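First up is the structure itself, then whatever we jot down about it.
Nothing in this text is a laboratory measurement; each read-out follows from the coordinates by a stated rule. Quick caveat: nothing in here was measured; it's all calculated off a predicted structure. Don't worry about glycine lacking a Cβ; one is built from the backbone with ideal geometry, like all the others, and counts go over all protein chains shown.
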Amino acid sequence: MSDLKVVLYGKDGVAVKMSVHKNILAENSTFFADKLSRQSSVSNIEVSDCEDAEIYVETVGLMYCSDVKQRLIKQSVPRVLRILKVCSC
């Protein structure tokens, strides 16, 4: 069962809600680890002005994947570059 809701607000006005696990995000993302370390009891995180909400969602999904390399190899180069851009933020 998830213990965190992440709401992404795209620059185009789209809002995406995801039910996730704090430990997965903290282990795989310095961005989320920092946010969660400041507020350990937080149950919601909002991320505004996402340039590419679709790719952001996919990036979070990759945090749950056991073989990221295999999953990325099936993607187009432009899509992987968009994922890498989100990862670097």
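Filtering the range 17-62 down to residues that are surrounded by 17 or more Cβ atoms within 10 Å (Cβ to Cβ) and in contact with a Cys (Cβ under 8 Å, 6 or more places away or on another chain), which residue is nearest to residue 73 (Cα to Cα)?
Residue satisfying both the conditions and the ranking: 59.
Residues that are touching a strand residue (DSSP E or B) at 6+ places or on another chain (Cβ under 6 Å): which helices (runs of 4 or more DSSP H) entirely in the range 1-77 hold 2 or more of them?
Qualifying helices (runs of 4 or more DSSP H): 53-62.
For the range 36-82, which residues satisfy the criterion of being over 19 Å from residue 9 (Cβ atoms) and among the β-branched types (Val, Ile, Thr)?
Answer for the range 36-82, where residues must be over 19 Å from residue 9 (Cβ atoms) and among the β-branched types (Val, Ile, Thr): 68, 73, 77, 80.
Within the range 1-47, can you find the residues that are polar (S, T, N, Q) and under 16 Å from residue 59 (Cα atoms)?
Within the range 1-47, 19, 23, 28, 29, 30 meet the criteria.
Residue 20 versus (1) under 13 Å from the mean Cα position of the chain (by Cα); (2) on the phi > 0 side of the Ramachandran plot: which is the lone unmet condition?
Result: residue 20 passes all but (2).
Could you say which residue among 5, 35, 74 is in contact (Cβ under 8 Å) with a residue 12 or more places away in the chain and charged (D, E, K, R)?
Of the residues listed, the single one that is in contact (Cβ under 8 Å) with a residue 12 or more places away in the chain and charged (D, E, K, R) is 5.
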